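Participant: Supplied in structure tokens, the structure appears directly below.
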Amino acid sequence: MARPEVLERIKEAEREAEEIVADAEEAREERIAEAREEADRIREEAREAADEHVEERLAEAREEIEAERAELVESGRADREALEDRAGQRREETVEHVLELFSEAVDAQT
């Protein structure tokens, strides 16, 4: 093989090697871009799942708070009614007692 042919074959091999390297670099860049997109998608899905979990937990907490509030209101209502009943009874007893004292005082003066 003549020297010019050898040089031409070497140049051709170098071009092919450069093409292979360029194709590999392009494929690598594409894979990196795809991996970044996939990572972004996974992060967004995780963020959405976390937000959904937070919303669910907040809803559960609100329900628990509302149930506890309703229990407290009902307990307070029952306590108030009991106090009103006792106050009513004591009022009647007090009125009767005051009337007795008044009657005794009037009787004592007559």
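The values are calculated or read from the model by the stated rules, or taken from the named source; none is laboratory data. Predicted, not measured: the structure shown is a model, and the values here were computed from it. Cβ coordinates were reconstructed from backbone atoms using ideal geometry, including for glycine residues, and neighbour counts include every protein chain displayed.
Participant: If you check ARG77, ARG57, which single one turns out to be of a type in the set (Lys, Arg) and under 16 Å from the mean Cα position of the chain (by Cα)?
Facilitator: Exactly one of ARG77, ARG57 is of a type in the set (Lys, Arg) and under 16 Å from the mean Cα position of the chain (by Cα), namely ARG57.
Participant: Which residue, of GLU29, GLU25, GLU34, is surrounded by 10 or more Cβ atoms within 10 Å (Cβ to Cβ), of a type in the set (D, E, K, R), modelled with pLDDT of 95 or more and within 38 Å of the chain's Cα centre (by Cα)?
Facilitator: Residue meeting the stated conditions: GLU34.
Participant: List, please: which pairs have Cβ atoms under 8 Å, are six or more places apart or on different chains, and start with a residue in the range 85-110 that is at positive phi and of a type in the set (Val, Ile, Thr) and end with one that is surrounded by 10 or more Cβ atoms within 10 Å (Cβ to Cβ) and modelled with pLDDT under 85?
Facilitator: none
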